[in-house]
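**Q** Please read through the structure below; I'll follow up with questions.
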Amino acid sequence: MSVPIGFKRLTIRVKDGKDPVLGTNQFVIEGKKDNGGMVSAKVSGLAVDAVKSYSSNKVYSISGKGVGDGKVEFDIMDFPEKIKNAVLGIVASTNGVYKATADRTSPYCSILLEDVTPQGHPYLMAFVDGMFSSDGLEFNTVQGKQGELPSEAISFAIGSDDNGLYYSTFVGTGAPTDAAGIAEIKADALMVAG
């Protein structure tokens, strides 16, 4: 099984029923100066817990259909406020003050994680529906010398689209068909105009 060797890029698509527009309802975090960078992503909960049914003093059947309670936990360095607040449903005033109100709700989003395999081939994983949440922020005193920039944590609860699709994975091989596979996974996540 191929695995990504790092974490180059995260693309987030706010599912607002409109075509994707970069900087409005589609955002890319890929380590460009002053625009945030991906530190890590931990994907968990993709498998359902197996349920064993017993009869005649033994396991009669094991059921494990579907996808579990999935989530992706991100660490993002220098997370741009515009992107963070857009995916959390926090709106800015005309003076640029972000305000979370009692009726705030995170919008449904899709996400695309990208890197390469050890062989240098594309590795993409798309989660086609879900919501972001953030538990808080940490303030620390400066202690004499500058350290690394801290990263911020944000979680993505995985859901499914209307067709029951939760996620897609594409691992390239270096073949000419890689372009079609990349196009298909981006379409799954609504990253391209449909």
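Any read-out appearing in this document is the output of simple, stated calculations on the displayed coordinates, not a laboratory observation. Since the structure is predicted, the reported quantities are computational estimates derived from the model, not experimental observations. Heads up, the Cβs are rebuilt from the backbone with ideal geometry, glycines too, and the neighbour counts pull from every protein chain shown.
**Q** Could you tally the net charge around Gly6, taking each other residue with its Cβ under 11 Å from the Cβ of Gly6, Lys/Arg +1 and Asp/Glu -1?
**A** 0
**Q** How much length is gained on full extension from Val51 to Asp78, taking 0.36 nm per residue of separation minus their Cα-Cα distance?
**A** 5.5 nm
**Q** Now, a different point. Quote to one decimal, in nm, the extra length available between Ala183 and Thr94 on full extension: 0.36 nm per residue of separation minus the C-alpha distance between them.
**A** Using 0.36 nm per residue and subtracting the Cα-Cα distance, I get 28.2 nm.
**Q** Now for a different question. If you average the alpha carbon positions of region 63-101 and of region 135-184, how far apart do those two centres end up, in angstrom?
**A** Each part reduced to its Cα centre gives a spacing of 12 Å.
**Q** If I take every Cα pair under 8 Å that is 6 or more residues apart in the chain, average their sequence separation and divide by the length, what percent do I get for the relative contact order?
**A** Relative contact order here is 24 percent.
**Q** Net charge near Phe74, counting Lys/Arg +1 and Asp/Glu -1 over other residues with Cβ under 12 Å of its Cβ?
**A** 0
**Q** Okay, moving on. Relative to the first principal axis of the alpha-carbon coordinates of the chain, what is the inclination of helix 178-188, with its axis defined by its Cα atoms, in degrees from 0 to 90 and to the nearest 10?
**A** 80 degrees
**Q** Of Lys33/Lys82; Lys8/Lys33; Lys42/Lys99; Lys18/Lys186, which sit over 20 Å apart, Cα to Cα?
**A** Violating the 20 Å Cα-Cα cut-off are Lys42/Lys99.
**Q** Within a 10 angstrom radius of the beta carbon, how do Lys15, Lys42, Lys58 rank from fewest other beta carbons to most?
**A** In increasing order of surrounding Cβ atoms, one gets Lys58, Lys42, Lys15.
**Q** Right, another one. So what's the back-of-envelope 222 nm ellipticity for the chain, counting only DSSP H runs of four-plus at -39500 (n - 2.57) apiece and dividing by all residues, rounded to 500?
**A** After summing the helix terms and dividing by residue count, I get -3000 deg cm²/dmol.
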